[in-house]
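Just dropping this structure here.
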Amino acid sequence: MKNIDLKLLAIISELQHTRSVSKTAENLALSQSAVSMSLAKLRKHFNDPLFVRTSAGMEPTPHASELIQLLKRAEDLLQMALGHHVVFNPLVSDRVFHLYSTDIAQVTLIPKLMRRLKETAPSVRVELGRISESTPRLLESGGADLAVGFILPMGAGYCQQSLFRERFVCATRRNHPRVGNALSLEQFQNEDHLAITTSGTGHGIIERTLESKGIQRRVGLTVPSYLGIASILYSTDYLVILPAQLAEHLARPGNIKVLRLPFHVSSYVIMQHWHERYTHDPAVRWLRSVIADLFSNTSAAGPRTAATAPARQADLGNPPEKVKSSALSL
C-alpha cells in the first residue's frame, strides 16, 4: 500500500472495459504514455503482465481477472460507505441510552425527561448511572452517552453545553421554631446544619465561600447523597444549603420552606457533557437536543449564560453541537 498510488488501480478497471490503452487514456484524461507507464508500475507491483495484446485487444490475465473482481467489490463497499447516512427515528427506535447524572438530576431532570420520551420516543429506554471518577472514561468509550452535572476537568476531546445557571439557597422545615421567613447570618451560624458531600455537586463552592468569609457552620449530620434528605428535614430542625431547583422541588408538598442565604454564594452553570467521538451520532445528538429543550424553559434564578470555561458554549436556541473544552467547569 505504501509503494503504490491507489489511483493507478483505476487504470486496471478502465482497461477491463476498453481493452485499449488509447481509449483508456482518453477516458481518464491522461496521455497514452502516462497510461503505459502506470501499467508498467502495476505489472512490477503485481509481478504479472495483467493485460496482454490479442487479436481482440488488451485482454486481462487470470491474475488481472481475479484482481478486477476484488477491485469491483472494494469499489462497491466504498460507494456504500460514502453513501451511508445513519438515521435515527425516535418514534420507532428501541435504543438504550446510558445517561450519567447527579442525585439532583435524578430528582429534577429524569422525571421530566422520561415524560418527554414517553411522548416522542415510546420504545427508547434509559439506563441511569451516577457521575463518578470513571465517567470521563465511559464517555470516551461509549459506555456513557451523556453526563449531566458537576464534572472535574476531563481534558481535550470532551464537549459541553450549558443548560442553565443555578444558585444556592437554604431550606428547613416549614414550622421551624426559631427560623421564620427570613434567615439572618446569626441564625445561620447558631443553628445545626445538614451537609451533603456527594460527588457531582457544587458543595465545594459552599465550603470555599464559608471559609473565605469566615462564616461558621455547625454541622450536625453529614450524608453522602441528596436522596432521602426530605424526610430528615421534616423531622429535625436542621438547615441545609441546596441548589435552588432541588429546594423548590422538595418544598412543593408544603413541609419545607426555602430561604435566601444571608451571604453571597457564586452561582454555577449546569451542563451536559459528551465525548467528541459521538458529537455527530444521530441518536446522541437527538438526546442532547431533548435535554437542552427541557431546560430552555427552566426557571432557575439568573440568566442562562455561558460558564467561565475556556471554550464557547453551544447556543441553547440551536441543537447541541460539538463544543470542545480543555477543562469542564461548573
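Please enumerate the residues belonging to region 53-81 that are of a type in the set (A, V, I, L, M, F, W, C), closer than 17 Å to Ser13 by Cβ and either at pLDDT 90 or above or part of a helix (DSSP H, G or I) (or both).
Matches in region 53-81: Ala64, Leu67, Ile68, Leu70, Leu71, Ala74, Leu77, Leu78.
Give the residue, chosen from Glu186, Glu191, Glu211, that is outside the structural domain of Thr279 (by TED's automatic domain parsing) and surrounded by 17 or more Cβ atoms within 10 Å (Cβ to Cβ).
Glu191
To keep it simple, each residue is scored yes or no on (1) closer than 30 Å to Glu140 by Cα; (2) assigned by TED's automatic domain parsing to the domain that holds Leu139; (3) surrounded by 19 or more Cβ atoms within 10 Å (Cβ to Cβ); (4) touching a residue at least 40 places away in the same chain (Cβ under 8 Å).
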position	(1), (2), (3), (4)
Val223	no, no, no, no
Tyr226	yes, no, yes, yes
Ile232	no, no, no, no
Glu276	yes, yes, no, yes
Val284	yes, yes, yes, yes
Ser289	yes, yes, no, no
Ala292	yes, yes, yes, yes
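Condition (residue is surrounded by fewer than 18 Cβ atoms within 10 Å (Cβ to Cβ) and under 16 Å from Val284 (Cα atoms)) applied to region 127-137: is it met by at least one residue?
Yes, region 127-137 contains a residue that is surrounded by fewer than 18 Cβ atoms within 10 Å (Cβ to Cβ) and under 16 Å from Val284 (Cα atoms).
Which one is farthest from the chain's Cα centre (by Cα), of the residues in region 27-54 that are of a type in the set (Ser, Thr, Tyr) and within 22 Å of Glu66 (Cα to Cα)?
Thr54
If we keep just the residues of region 271-305 that are modelled with pLDDT under 90 and among the small types (Gly, Ala, Ser), which is nearest to Ala121 (Cα to Cα)?
Ser296
Quickly run through region 19-52 and pick out the residues that are among the β-branched types (Val, Ile, Thr) and assigned to a helix (DSSP H, G or I).
Once the filter is applied, which keeps residues that are among the β-branched types (Val, Ile, Thr) and assigned to a helix (DSSP H, G or I), region 19-52 yields Val21, Thr24, Val35.
Same structure, new question: If you check Arg260 against the conditions, is it among the basic types (Lys, Arg), surrounded by fewer than 18 Cβ atoms within 10 Å (Cβ to Cβ) and over 20 Å from His176 (Cα atoms)?
Values: among the basic types (Lys, Arg): yes; surrounded by fewer than 18 Cβ atoms within 10 Å (Cβ to Cβ): yes; over 20 Å from His176 (Cα atoms): no.
No.
Let me ask something else about it. Suppose we filter Thr18, Thr54 for residues that are surrounded by 11 or more Cβ atoms within 10 Å (Cβ to Cβ), β-branched (Val, Ile, Thr) and either closer than 30 Å to Ser132 by Cα or not assigned by TED's automatic domain parsing to the domain that holds Thr120 (or both); which single one remains? If you could, list the steps in order and put the result at the bottom.
Numbers: Thr54 fails: surrounded by 11 or more Cβ atoms within 10 Å (Cβ to Cβ).
Result of the check over Thr18, Thr54: Thr18.
Now, a different point. Between a first residue in region 121-134 that is in the same structural domain as Ile151 (by TED's automatic domain parsing) and a second residue that is in a loop (DSSP other than H, G, I, E, B) and of a type in the set (Gly, Ala, Ser), which pairs have beta carbons less than 6 Å apart while being 6 or more apart in sequence or on different chains?
If the second residue must be in a loop (DSSP other than H, G, I, E, B) and of a type in the set (Gly, Ala, Ser), the pairs left are Val124/Ser93; Ile131/Gly149; Ile131/Gly200.
Residues are listed down the side, and each one gets a yes or a no for (1) in a loop (DSSP other than H, G, I, E, B); (2) closer than 19 Å to Lys257 by Cβ; (3) more than 29 Å from the chain's Cα centre (by Cα):
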| residue | (1), (2), (3) |
| --- | --- |
| Glu140 | no, no, no |
| Ala147 | no, no, no |
| Ile151 | yes, no, no |
| Gln161 | no, no, no |
| Arg165 | no, no, no |
| Pro177 | yes, yes, yes |
| Phe188 | no, yes, yes |
| Thr198 | yes, no, no |
| Ile215 | yes, no, yes |
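So Thr172 fits all but one of (1) surrounded by 18 or more Cβ atoms within 10 Å (Cβ to Cβ); (2) in the same structural domain as Leu250 (by TED's automatic domain parsing); (3) assigned to a helix (DSSP H, G or I); (4) of a type outside the set (Asp, Glu); what number is the exception?
Evaluating Thr172 over (1) surrounded by 18 or more Cβ atoms within 10 Å (Cβ to Cβ); (2) in the same structural domain as Leu250 (by TED's automatic domain parsing); (3) assigned to a helix (DSSP H, G or I); (4) of a type outside the set (Asp, Glu) leaves (3) as the failure.
The values are calculated or read from the model by the stated rules, or taken from the named source; none is laboratory data. Note that this is a predicted model, so its numbers are computed, not measured. Because the Cβ atoms are built from the backbone with ideal geometry, glycine has one as well, and the counts that use them run over all protein chains shown.
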